[in-house]
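The structure under discussion appears below in the form of structure tokens.
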Amino acid sequence: ETKIDSIDYRTWDLVTLFNEINLHFKNSIKDPIQLQKIGLQDFSEILDRQKGSETYRPTLFDLLAHTALNFYKSGENNITRPADKFEINDPEYLCEASSFIPLQIPLNDSTSLQARALQIYQELIRFHKNDATSEALVQVDLDRLNFIHQNAVFENKDQHYLEVLQNSAQLFTGNPVSGLYQYEIALLYDQWGGTYEPGTKETYRWKRKEAVALCESVMDEFPKSRGAEKCAALKLSILNPTLTIQSELNVPIQTPSRLLVNYKNYDQLKLTAYSISKSQREKLSKLYPEEKQLLFIKKLNISKEWETSLKNEKDYQNHSTEILLPSFANDFYIILAEPKTDDKFVMQLNTFAYSLVQVTDMALVETTTNMADIFQVINRNNGSPISGAQVQFSYTKNYDGQILTKNLTTDKMGQVQLPRTQDRWTNVSSEITFKGDKAYFGEYYIEPNYGRDK
């Protein structure tokens, strides 16, 4: 490419910049045989080396080849590509290491990062295939398989990937490095299991169970290997329990309702309802981390306690179910859900979930006009208007931070009106009382009426 300025790269277009980078990376490893004879001892002062890195990057060739791969694996560039651009569209690229070495990688598409990456992988695998130990070969082969799997555009690539991993693991039977291929299989199973949806996508429901079994077999056979270490982390992730609960924000007085539970890897829950005041709710909302929230909740007054069983078929999947929420008197409650189990691992996680619920027979409906905001108090159970209810609005005016209040009484239609002025009301909340029933609603926002006289 002809450069406008051969020194100032800021004047180069994208094609020129790419070609220049590509040229330097190609030149850096154009004599692989010679580079493979040079160790890294003489470069120790300029290298930031990790413990054990010499196993996987023993020569200058390894270092430079992997540095080049970081560029070629970064994703296809945005420059104009030829009509016959290179793509990983043939399953033959997803094969065992020995079969990959002799493959012809077409390099007629000079813009292809992927083709150049595959060629470098070939050179690395060819170099390490006769190593005294298999660690470097297996690691670069796994990197290569993962790269091809991620970027392949042919059909059934997951199945091809699985078969190659299984065949490669079989080739190293009895060698701890086989556990690294087994780990990748388990990881694929876990990803498949993540697509499970009850009733609609059932195909891979039990794949996470297979992943755990595979991890355990690697951990048993090669307990101190890298494969076992990676498998232990994956198993921990799959077995990690989760729990969330969700209730309706408002439910009628002394009327049973339902609580939605989303969970993974739990059999039983202990549920506790705590009474909570407005000031306590505000304090809880500002607490962090979760441990402080739990300690705060457990100091509240207990209203009811009960237990429930959850269906757990050991598929290690997320499930949802509705459970009964008992009837309560008028108040605000925190519903706390905690696992009930003797499993020490689960107990150490201190997992919990909570949901707020207000028990009241009242509901508040807002409508707006250009001149006013109208609020109607109605009976939650039958929709009839509630006349004579006391409504106290709390708000701030024009963002000045001062909290103001306004008291009104609902008319025969259960309504109160807030005429619009030139002031803007923010953080508007309401406290409503009627015949022993107290409820809180909000927040609302009341726009000013700009055309109204002061």
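Observations on the model:
- Cα gyration tensor, the range 139-268 - rounded (a/c under 1.5), prolate or oblate: prolate
- Simple spin-label estimate for Glu307 and Asn130 gives 6.8 nm between the two label positions (7 Å along the Cα-to-Cβ direction from each Cα).
- Using 0.36 nm per residue and subtracting the Cα-Cα separation, the extra length available between Lys51 and Glu197 on full extension is 48.3 nm.
- Accessible heavy-atom area order of Phe127, Phe61, highest first, probe of 1.4 Å: Phe127, Phe61
- Within the accessible area of the range 320-447 (1.4 Å probe), percent carbon and sulfur: 46
- Here the accessible area is traced with a 1.4 Å probe on the protein chains. For the range 8-117, carbon and sulfur cover 51 percent of it.
- Relative contact order (percent, whole number), the chain, Cα cutoff 8 Å, 6+ residue spacing: 9
- Residue among Leu107, Ala117, Thr244 farthest towards the positive dipole end of the chain, charges placed on Cβ: Thr244
- When all protein chains stay in place and ligands, DNA and RNA are ignored, the 1.4 Å accessible-area order of Thr133, Thr242, largest first, is Thr133, Thr242.
- The heavy atoms of Trp306 present about 50 square angstrom of accessible area, all protein chains included, probe 1.4 Å.
- In degrees, nearest ten, helix 226-239 long axis to first principal axis of the chain (Cα): 20
- The range 35-112 versus the range 161-182: alpha-carbon centroid distance in Å: 22
- Whole-Å distance, taken between Cα centres, linking the range 387-412 and the range 190-236: 57
- Think of it this way: in the chain, Cys95 stand alone, with no other Cys Cβ under 4.7 Å.
- Solvent exposure of the range 277-333 amounts to 65 Å² per residue of accessible area, where only protein heavy atoms count and the probe is 1.4 Å.
- Value at 222 nm in deg cm²/dmol, rounded to 500, when DSSP H runs of n ≥ 4 in the chain each add -39,500 (n - 2.57): -10500 deg cm²/dmol
- Ligands, DNA and RNA aside, Cys231 has an accessible area near 0 Å² when probed at 1.4 Å.
- If a spin label sat at a point 7 angstrom from the Cα of Glu123 along the line to its beta carbon, the backbone N atoms of the range 1-45 nearer than 14 Å would be those of 22-38.
- Cross-link partners of Lys270 among aspartates and glutamates, defined as those whose alpha carbon lies under 19 angstrom from its own and excluding same-chain residues fewer than eight positions apart: Glu290, Glu291, Glu305, Glu307, Glu322, Glu338, Asp342, Asp343.
- Estimated distance in nm for a label pair at Asp411 and Glu443, the labels positioned 7 Å out from Cα along Cα-to-Cβ: 3.0
- Relative to the longest principal axis of the Cα atoms of the chain, the long axis of helix 14-28 lies at roughly 50 degrees.
- Cross-link reach list, aspartates and glutamates versus Lys292, counting only Cα pairs under 15 Å and skipping chain neighbours closer than eight places: Glu282
- Computed extension length for Ser387-Thr369: 4.3 nm, one decimal, from 0.36 nm per residue of separation with the Cα-Cα distance subtracted.
- Set Lys85/Lys157; Lys278/Lys299; Lys51/Lys207; Lys51/Lys230 screened for pairs whose C-alpha atoms are more than 26 Å apart: Lys51/Lys207
- Inter-probe distance in nm under a simple model that places probes 7 Å from Cα toward Cβ, at Ser217 and Thr421: 7.7
- Solvent-accessible area per residue, Å², over the range 98-142 with all protein chains present [probe radius 1.4 Å]: 40
- Over all other residues within a Cβ to Cβ distance under 12 Å of Pro198, the charged ones net out to -1, with Lys and Arg as +1 and Asp and Glu as -1.
- Debye intensity ratio I(q)/I(0), log10, the range 54-146, q values 0.10, 0.19, 0.21 Å⁻¹ (C-alpha model): -0.27, -0.91, -1.07
- Share of carbon and sulfur in the accessible heavy-atom surface of the range 170-276 [1.4 Å probe, %]: 51
- Area accessible to solvent at Ile105, 1.4 Å probe radius, in Å²: 20
- One chain, two ends: Asp315 and Ser44. Fully extended at 0.36 nm per residue, the span grows by 92.6 nm beyond their Cα-Cα distance.
- Rounded tilt (10° steps) of 113-128 against the dominant C-alpha axis of the chain: 60
- Calculated on the Cα set of the range 1-73, radius of gyration then Dmax: 15.5, 46 Å.
- A 1.4 Å probe over all protein chains sorts Asp5, Asp400 by accessible area into Asp400, Asp5, starting with the largest.
- Computed from Cα atoms alone, the Kirkwood hydrodynamic radius reported for the chain is 28.5 Å.
The values are calculated or read from the model by the stated rules, or taken from the named source; none is laboratory data. As the structure is a computational prediction, the values presented were derived from the model and not from experiment. Please note: Cβ atoms are built from the backbone with ideal geometry, for glycine as well, and neighbour counts cover all protein chains shown. These accessible areas exclude ligands, DNA and RNA; they are computed on the full protein's heavy atoms, side chains included. Shrake-Rupley method; radii C 1.70, N 1.55, O 1.52, S 1.80 Å.
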